[in-house]
Every structure is written in structure tokens, then in C-alpha cells.
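For reference, the structure is listed below as C-alpha cells.
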Amino acid sequence: MLREMKTFNLGWLLFAAVLLISALPFSQASRTKQHKVKTGVFRSPQFVLGPGSVANKLFSNIDFPRGHIALKSFDAEVVDESGNPIPLYDTYLHHWLVLKFYVRKGLENQDISKLNNSDYISGRNSGICQDGALDQFFGLGSETRRTKTHIPDPYGIETGNPTKIPSGFVEIWGLNVHAIDTRGVEDRTGCTECRCDLYNVTKEEDGTPLSPNYDGGLSCCYDGTKCRLKDGFIGIERNLYLQYTVKWIDMNSLIVPVNIYIFDVSDIWKKSRNSTGINSEHNCQVEYQVESCRATGSANDKCIDAKSVSLEMPFGGYLVYGVAHQHAGGTGSALYGKDGRSLCSSIPIYGTGEEAGNESGYIVGMSTCYPKPGTKKISKGETLILESNYSSIKQHTGVMGLFYILVAETLA
């Protein structure tokens with residue numbers, strides 16, 4: 001009797017399960033079945049760093065998933081030849097950027113930086129910055145190991161769509177890695193903030209004299225420069241790599257594509273009128289300088305430098321993901337709608353130890369936003385307010401106040 005009851009109960013449970021599955025909406029059942037996530041682990045070409053030296057490389061046609069796919073995440077870190085993670089106090093990862101290009105067929109293995117302008121097209125994101133600034137699809141800095149990049153289902157970043165690749169061109173991916181070796185340097189913080197005096201730099205990479213008011217930033221720590229070492233320090237060169245893990249799924253009709261927007265708090269923009277109507281001209285500075293509150297005479301109990309900018313959203317949609325990018329000294333960033341409603345706040349995570357991913361004094365992560373679907377709608381043309389806050393107890397050079405968001409034009 002007990003065996004018969006068990007058989008009956010098992011049969012009833014199986015029957016109920018079948019009814020439950022059949023009652024699910026077709027799209028939900030299909031998404032569960034078709035969203036098979038694939039994972040690839042790749043390495044950049046090597047870059048060589050000795051104590052105090054700087055590498056700022058653009059690698060062309062990197063290893064990357066091919067075909068018509070939807071990207072789900074991109075995570076990266078600096079490793080040595082054996083795959084050991086390198087801590088930030090040895091090699092500071094200023095930033096890495098993943099960029100899409102369309103290159104004329106037959107030239108895809110050439111160095112992009114050496115191609116004629118007619119032989120490649122930037123496959124930039126949907127952002128508002130111009131003149132090649134902030135074109136990346138993914139990008140982080142010292143915070144890379146503890147910042148979530150996962151894109152929730154059913155959303156994804158669509159790439160490899162054959163209908164969007166210009167005729168006669170192929171889609172390739174580039175990787176920009178900017179790293180600073182701070183072993184044995186005189187002033188580790190000053191080196192990571194690219195202070196010009198520590199690099200003994202008075203001209204930009206192209207030979208243009210620096211402004212007298214420019215104390216530090218990207219123009220002083222370009223590829224091949226060297227930060228001042230302590231007297232007598234000798235160290236070996238190392239072969240390093242950016243190791244990156246990409247997750248993706250094959251594109252299908254159930255995936256909702258998202259658009260990438262990157263906003264810059266240092267954006268200097270204006271509206272102009274021409275024959276096609278009113279246009280916005282954006283000049284994203286990418287970086288700025290925070291002066292000491294004591295030096296400016298504005299010292300207070302908190303000594304916070306608060307910078308903000310109002311920007312117009314070129315297209316509408318629903319916020320899917322958001323994260324800020326700041327440097328050491330950052331205390332947080334936020335994006336607001338025109339009515340003051342909070343769209344996303346992103347707070348830095350500072351390390352407290354010595355192991356890679358928890359280095360004391362460095363930003364090792366940024367908090368992210370994953371709004372409940374449909375709850376954060378942004379209208380086309382809506383004025384957004386971006387705020388970026390830094391501690392101003394002391395001066396900080398070359399800081400950034402960027403905000404990266406993913407927006408879906410439609411709901412799932």
C-alpha cells in the first residue's frame with residue numbers, strides 16, 4: 001500500500017509540473033531554454049613594465065567572441081606570465097577600454113592607429129561625447145576586480161549584426177590598456193595621479209606645451225614616460241597582460257538590446273543652430289583637477305569638492321544598469337532625472353588589505369545599479385543631472401567623474 005501511495009504521489013507531482021510549465025508564457029519558457037551563456041577567457045598581447053614606467057597601449061583585433069551575439073559581461077585584471085594577479089600598489093591599472101571598429105576587409109590585422117581614416121570607422125557607443133572621447137563599450141580602472149558588469153536577462157549588448165556592418169568592412173575589437181608601475185617610486189599617489197613634476201613632463205605626447213595651470217593628468221603619463229624613483233632603487237622589468245573574461249549568448253528575437261551611454265561631469269557643451277536645426281556640441285574633458293579646500297580658502301568640516309553638470313538625453317528608454325568611474329579621493333557619484341528623482345547612485349569601495357582586489361587606499365570597486373525593470377524611465381530630450389564628489393582635503397590631479405548606463409528602448 002505504501003509503495004502504491006508513493007507511485008501515485010510521484011505521478012501526481014509529475015503531472016502538476018507539466019501543467020505548471022505549460023502555463024508559463026511561451027517567451028519565459030523559451031528564454032530559459034535559449035539563453036545558454038558562453039564564456040571565454042582571453043589575454044591581451046604582453047606589455048612590459050619596469051619600476052616607474054608607463055604603458056598606454058592600443059591593441060588591435062584582439063581575441064573576442066565572433067558572430068551575431070549579445071554580450072553579457074566583461075571582467076578584467078592585470079596578471080603576470082603565470083596568471084598571478086598583480087596588486088595595484090605594484091602596477092596601477094589606470095584604465096582599460098574595449099572599443100569596436102569597422103575595418104576595411106584585408107586590413108583587419110593592421111595596427112588601427114596606423115590606418116588611413118578612410119580605412120576604418122569607429123563603432124562607438126550611443127553616448128553624447130564627441131571627437132573620439134569615451135567611445136568604449138566596456139571600461140574600468142583600479143575598481144575592475146570588484147565592480148559588477150553583468151547585464152541581466154533578457155538584456156544584452158548586441159554586436160556582430162551583419163546588417164549594421166558597412167559594406168566592404170569587417171567588425172573588430174580593440175583594447176586600450178593604461179598601466180603604471182609604481183614599484184620603488186618616490187610618491188606612489190602622485191604617480192597614479194600623473195603629477196607632471198614627478199614625470200618631468202612639460203609637453204604633451206605630440207609636443208604641445210602644457211598649460212601652466214595643468215598640474216597632472218593623462219597628458220603627463222603617456223606611453224613611455226617614467227615616474228620618479230627613490231634614489232638607488234633597482235628593479236626588474238616584467239611581462240604583464242590584461243586577462244579578460246567575456247560572457248555572451250547567441251543573439252535571438254527574445255533578447256532585448258541595450259544602448260550604452262557614458263556621461264562626463266567635465267563635459268563642456270553648448271547648443272548651436274545650423275541648417276538641420278538645433279544641435280548639441282559636447283567637449284568631454286574626461287578628467288579634471290580637485291583643489292585642496294585649504295588652498296582655496298573653502299575649508300569646512302567635510303572638505304568635499306562637488307561637481308555637477310546638466311545634460312540632455314538624446315534618446316529615451318528604461319535604465320537597466322548603471323555605474324560610475326572615479327579615482328582615489330572619490331566619495332561617490334549620482335545621476336538624477338529632471339524632476340530630481342534618483343536614477344542611480346554609485347559609491348566607491350576602498351580596499352583595506354594587501355591582497356589583489358583589496359589593496360588599502362585604492363578604489364577596488366564601485367557599487368552598481370540594477371533597477372527593477374520599468375521603474376527608471378528616461379524620456380528623450382530629458383535633462384539629466386550628473387554629480388561627482390571628491391574629498392578635497394588635499395589636491396587631486398587627473399580625476400574622473402564618468403557615469404556609464406545601459407538603456408533599453410523597450411521593456412522585455
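The values are calculated or read from the model by the stated rules, or taken from the named source; none is laboratory data. Bear in mind that the values here come from a model prediction, so they are computed numbers and not experimental data. Cβ coordinates were reconstructed from backbone atoms using ideal geometry, including for glycine residues, and neighbour counts include every protein chain displayed. When the accessible area is computed, the model is the full protein with side chains, heavy atoms only, and any ligands, DNA or RNA have been set aside. Shrake-Rupley method; radii C 1.70, N 1.55, O 1.52, S 1.80 Å.
Conditions (1) over 18 Å from the mean Cα position of the chain (by Cα); (2) surrounded by fewer than 21 Cβ atoms within 10 Å (Cβ to Cβ); (3) within 30 Å of D80 (Cα to Cα), marked per residue:
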position: A334; (1), (2), (3): no, yes, no
position: K338; (1), (2), (3): yes, yes, no
position: G351; (1), (2), (3): yes, no, yes
position: E359; (1), (2), (3): yes, no, yes
position: K376; (1), (2), (3): yes, no, no
position: E382; (1), (2), (3): yes, yes, no
position: L386; (1), (2), (3): no, no, no
position: M400; (1), (2), (3): no, no, yes
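The single condition from (1) touching a helix residue (DSSP H, G or I) at 6+ places or on another chain (Cβ under 9 Å); (2) surrounded by fewer than 20 Cβ atoms within 10 Å (Cβ to Cβ); (3) not polar (S, T, N, Q) that Y370 fails is (1). Taking the range 207-231 as the search range and keeping residues that are within 25 Å of V286 (Cα to Cα) and outside any loop (DSSP other than H, G, I, E, B), which one is most open to solvent (accessible area, probe 1.4 Å)? Filtering first and then ranking leaves K226.
Checked against the criterion of being under 21 Å from the mean Cα position of the chain (by Cα) and either of a type in the set (S, T, N, Q) or open to solvent by 50 Å² or more (accessible area, probe 1.4 Å) (or both), the candidates S60, S53 yield just one match: S60.
Taking A179, is it part of a strand (DSSP E or B) and at pLDDT 95 or above?
yes
In the range 395-412, the residues that are within 30 Å of T189 (Cβ to Cβ) reach residues that are open to solvent by less than 10 Å² (accessible area, probe 1.4 Å) and part of a loop (DSSP other than H, G, I, E, B) with C-beta atoms within less than 6 angstrom, at least six apart or across chains, in these pairs: T397/G217; G398/C194; G398/G217; G401/V265.
Candidates are the residues of the range 80-116 that are of a type in the set (D, E, K, R) and in a strand (DSSP E or B); the one that is nearest to Y404 (Cα to Cα) is K100. Residues that are without any contact (Cβ under 8 Å) to a residue 40 or more places away in the chain, polar (S, T, N, Q) and either open to solvent by less than 40 Å² (accessible area, probe 1.4 Å) or touching a strand residue (DSSP E or B) at 6+ places or on another chain (Cβ under 7 Å) (or both): does the range 110-125 have at least one? Looking for residues that are without any contact (Cβ under 8 Å) to a residue 40 or more places away in the chain, polar (S, T, N, Q) and either open to solvent by less than 40 Å² (accessible area, probe 1.4 Å) or touching a strand residue (DSSP E or B) at 6+ places or on another chain (Cβ under 7 Å) (or both), one finds at least one in the range 110-125, hence yes.
When L134, L71, L115 are screened for being over 30 Å from L229 (Cα atoms) and more than 21 Å from the chain's Cα centre (by Cα), only L115 passes. Among the residues making up the range 136-175, a single one is open to solvent by 10 Å² or more (accessible area, probe 1.4 Å), farther than 18 Å from Y102 by Cβ and among the acidic types (D, E): D153.
G123 satisfies every condition listed in (1) within 21 Å of the chain's Cα centre (by Cα); (2) under 30 Å from V185 (Cα atoms) except (2). Scanning the range 302-319 for residues that are within 21 Å of K271 (Cβ to Cβ) and assigned to a loop (DSSP other than H, G, I, E, B) gives M313, P314, F315, G316. Is it true that E81 is at pLDDT 95 or above and over 24 Å from Q326 (Cβ atoms)? Here the answer is yes, as E81 does meet what is asked. Residue pairs whose Cβ atoms lie under 7 Å apart, separated by 6 or more positions or on different chains, with the first residue in the range 232-244 and of a type in the set (A, V, I, L, M, F, W, C) and open to solvent by less than 50 Å² (accessible area, probe 1.4 Å) and the second at pLDDT 95 or above and in a loop (DSSP other than H, G, I, E, B), are L240/Q46; L240/D80; L240/I86; L242/S44. Please specify each residue of the range 147-167 satisfying the condition of being more than 13 Å from the chain's Cα centre (by Cα) and either assigned to a loop (DSSP other than H, G, I, E, B) or within 28 Å of A328 (Cα to Cα) (or both). The answer is I151, P152, D153, P154, G160, N161, I165, P166, S167.
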